[in-house]
Amino acid sequence: MSVFNASRLAGKTVLLTGASAGIGAATAVLFAKGGSNVILAARRVEALKKVAEACATAHKESGLQQGGKFAIVQLDVSDKSQVASLLDRIPQDLREVDILVNNAGFVLGVDRVGDIADTDVEAMFNTNVFGLISVTQLLVKDFKARNTGHIINIGSVAGREPYPGGSIYCATKHAVRAFSGALLRELVDTKIRVTEIQPGMVETEFSVVRFRGDKEKAEKVYDGIQPLTAEDIAEEIVWAASRPPHVNLAEVFVMPVNQATPTLAFRGGK
């Protein structure tokens, strides 16, 4: 037994949403390093091209012969027509997906209830919830037919405990947790695995998007604390995917050592 046996990932095909940056990009590269094929899906095609190049480099450096196929698919998970045509836009030799990573998601603003724009509510639910469900429903049919597969949903500490100024985002992540839990129970008589990764504070583009491009405000979120990195969460995702077929990590709740809840963190200096 090795410390981290990634051999089970070799030759597997991974479909990864939100793959253009942050956790998605880091996860794609790590799967590539483990010998997997990766379908990179996101809205920003130019950014996906750079991630695909990083995947190719990581795979080459690994020296593995399996895997090494990387496809780019433009996908806005909130667009039902794009989701419906997703499989048709994937290269034929990669259409038998083994692992689905529902990573696409974001947060907008810190507005309180009563002041939240309807467009922000709709945008977060359309991507974080409805998009995740749509992609899952599309893939789970094939998983059931083959009686195999792994669905990995990216949740959040916000799906475990709500906080002021995050009502809508928290609601979306609570929905992801409930959906993942129900799916786990529905698939209990199959060999399909369901995992939810629940990160705490991770320093990526997440806060920049929340503050609508204000990098100064985004950086203050991490003042005095060493947050998780995209690579930290990528390791948890790939670790869950690489477990033996009879092992299912149903929930992985991962926090920075100085964070206990969404609002309780020790900021005593990095």
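The values are calculated or read from the model by the stated rules, or taken from the named source; none is laboratory data. For clarity, every value in this text was computed on a predicted model and none was experimentally measured. Note: ideal-geometry Cβ built from the backbone for every residue, glycine included; neighbour counts use all protein chains shown.
Within the range 36-47, none of the residues are within 18 Å of Ala241 (Cα to Cα) and charged (D, E, K, R).
Would you pick out the residues in the range 30-46 that are β-branched (Val, Ile, Thr) and either in contact with a helix residue (DSSP H, G or I) (Cβ under 8 Å, 6 or more places away or on another chain) or part of a strand (DSSP E or B) (or both)? Scanning the range 30-46 gives Val38, Ile39.
Checked against the criteria, Ser62 does not count as among the hydroxyl-bearing types (Ser, Thr, Tyr) and either over 21 Å from Ile23 (Cα atoms) or out of contact with any helix residue (DSSP H, G or I) (no Cβ under 8 Å at 6 or more places or on another chain) (or both). When Ile72 is tested against (1) assigned to a strand (DSSP E or B); (2) more than 17 Å from Ala241 (Cα to Cα); (3) touching a residue at least 40 places away in the same chain (Cβ under 8 Å), only condition (3) is not met. Per this entry, Asp120 is counted among residues that are part of a helix (DSSP H, G or I) and surrounded by fewer than 21 Cβ atoms within 10 Å (Cβ to Cβ).
Here Phe143 meets the list (1) surrounded by fewer than 18 Cβ atoms within 10 Å (Cβ to Cβ); (2) more than 29 Å from Glu203 (Cα to Cα); (3) among the aromatic types (Phe, Trp, Tyr) almost entirely, failing just condition (1). When each of Ile39, Ile23 is tested for being touching a residue at least 24 places away in the same chain (Cβ under 8 Å), within 18 Å of Thr229 (Cβ to Cβ) and crowded, with 23+ Cβ neighbours inside 10 Å, the lone residue that passes is Ile23. Residue check: Val101 meets all listed conditions (1) more than 18 Å from Ile152 (Cα to Cα); (2) assigned to a strand (DSSP E or B); (3) of a type in the set (A, V, I, L, M) but one, namely (1). Number of residues in the range 146-171 that are in a helix (DSSP H, G or I), surrounded by fewer than 19 Cβ atoms within 10 Å (Cβ to Cβ) and not polar (S, T, N, Q) equals 2.
Look through Gly67, Gly114 and report the one residue that is in contact with a Ser or Thr (Cβ under 6 Å, 6 or more places away or on another chain) and at pLDDT 95 or above.
Numbers: Gly114 fails: in contact with a Ser or Thr (Cβ under 6 Å, 6 or more places away or on another chain).
Being in contact with a Ser or Thr (Cβ under 6 Å, 6 or more places away or on another chain) and at pLDDT 95 or above holds for just one of Gly67, Gly114, which is Gly67.
Could you say whether any residue in the range 88-99 is at pLDDT 95 or above, under 19 Å from Gly149 (Cα atoms), surrounded by 24 or more Cβ atoms within 10 Å (Cβ to Cβ) and not charged (D, E, K, R)? Checked against the condition, which is being at pLDDT 95 or above, under 19 Å from Gly149 (Cα atoms), surrounded by 24 or more Cβ atoms within 10 Å (Cβ to Cβ) and not charged (D, E, K, R), the range 88-99 yields at least one hit.
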